[in-house]
Amino acid sequence: MNENLKIIKKYGKEDLAYVYLAEFGRNKYIEFVESLQPPIPREKKWVLIISSSFGCPIKCRICDAGGQYNGNLNMQQILAQIDFMVLRRYPDRNIPCEKFKIQFARMGEPSLNHAVLKTLNIIPDRYEASGLMPCISTVAPRQSVDFFEELIDIKNRLYPGGNFQMQFSIHSTNEELRDELIPIPKLTINEIAIYGLRFVKEQDRKITLNFALARGFELNARKMSDIFSVDHFMIKITPLNPTYKVVENKFDSYISAADLDKHYEIVEELRQYGFETLISIGENEENLIGSNCGQYIARHLETKFKSENSYTYIK
């Protein structure tokens, strides 16, 4: 089943990542990604990054996907993305990867689309994949409370024991700045903290609190300690991806993608408070491919950026 999925462009490298630009009918564009984490081979870890809407209604100030929003994908359209990437490599749907991660984090806010929940209910039976691990990455829209409640039940029934990853993209401990960066009504960090106490059970993975951190974005370790349980939450700090929005808004990344050995004071402070804290820096080459979150490949197509580097499009 491809639900009339039409691949327009394929871009990237076999040993790192491919970004697929696709269309479901006229002007219904999405993108999705399959990626590796060098030097880890595919049989150890394979990541699919899926879109849940055509464009995105959120319009975060660091992400290029927030434009030309044209509604949500249905369950068949979500599954078509997964099927396309799975069947070209594993036509029998038997996926021999120790970690097979399906991440709902490409285009769209997944918690605004209940078809994501329907998909989560189906995929354990759709593929033979002992390493299956779905991941929801969300900015915690306030209107998605019912989604988050149902997600607890799905996680407990189908993905217990650490087989589900939940991530809240917070970006700052300052609520006013969060409102500027993520311009929708959303759960406060206090409300996210309370939700996490209910979501994380014994043997579950901790919820990840993601900070794509720019200089001037408050990340207060003491405040984090006062609000969040170190037993239920871990912290991931990433560089700002070099999106058009980051350039337009003149944000300066706090984390250097070029200096892997640099030590950061805020990281040490968070660890002193007991938080498992990770600095996550992807391959610099991913920025050219556009496989990092927030790099909306359609904007690259519009500006013909891709034709100016060493990679080629493959139809």
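Dipole size of the stretch 6-314 about its Cα centre, with +1 on Lys/Arg Cβ and -1 on Asp/Glu Cβ: approximately 800 debye, rounded to the nearest 20.
Model label sites at Lys28 and Ile8, defined 7 Å from Cα along the beta-carbon direction, differ in position by 1.4 nm. Taken over the stretch 1-159, the alpha-carbon convex hull comes to 112 cubic angstrom per residue. If R0 is 30 Å, what FRET efficiency do you get for Ser130 and Ser280 from their C-beta distance, rounded to 0.05? Computed FRET efficiency for Ser130 and Ser280: 0.75.
For the chain, the relative contact order comes to 18 percent (Cα pairs under 8 Å, sequence separation of at least 6).
Cα centroids of the stretch 49-124 and the stretch 158-181: 18 Å apart.
Under the simplified labelling scheme, the Thr188-Lys223 pair shows an inter-label distance of 1.2 nm, with each label point 7 Å from Cα along Cα→Cβ. Across the stretch 81-166, Cα pairs under 8 Å and at least six residues apart give a relative contact order of 35 percent. Pair-distance distribution of the stretch 134-175: all C-alpha pairs, bin width 5 Å, starting at 0; shares per bin in whole percent are 5, 19, 28, 22, 15, 7, 2, 0.
The calculated 222 nm mean residue ellipticity attributable to helices in the chain amounts to -8000 deg cm²/dmol, summing -39500 (n - 2.57) over DSSP H runs of n ≥ 4 and dividing by all residues.
Pull out a ≥ b ≥ c, the square roots of the eigenvalues of the alpha-carbon gyration tensor of the stretch 6-314, then state rounded if a/c is under 1.5, prolate if not and a/b is larger than b/c, and oblate in the remaining case. Judged from the Cα gyration tensor, the stretch 6-314 comes out rounded (a/c under 1.5).
If the limit is 22 Å between Cα atoms, which of Lys13/Lys44; Lys10/Lys44; Lys6/Lys28; Lys13/Lys45; Lys59/Lys250 go over it? Where the Cα-Cα span goes over 22 Å, the pairs concerned are Lys10/Lys44.
Spacing of the modelled spin labels on Tyr273 and Lys44, each 7 Å from Cα toward Cβ, amounts to 3.3 nm. Can you pull a Stokes-Einstein diffusion coefficient for the stretch 1-88 at 10 °C (1.306 mPa s), Rh from Kirkwood over Cα pairs, as a whole number of µm²/s? In µm²/s, the coefficient is 115. An ellipsoid equivalent to the stretch 149-255, defined through the eigenvalues of its Cα gyration tensor, has semi-axes of 27, 15, 13 Å when rounded to whole angstrom and sorted largest first. Pairs of C-alpha atoms in the stretch 110-162 farther apart than 13 Å represent 59 percent of all such pairs.
Judged by the mean number of other Cβ atoms found within 10 Å, the most tightly packed of the peptides 184-197, 211-224 leads the ranking 211-224, 184-197. By DSSP, the beta bridges lying fully in the chain are antiparallel in about 45 percent of cases.
Every number here is computed from the coordinates shown, using simple stated rules; none is lab data. Please read these numbers as outputs of a predicted model, since none were measured by experiment. Note that we place each Cβ from the backbone using ideal geometry, even for glycine, and neighbour counts take in every protein chain shown.
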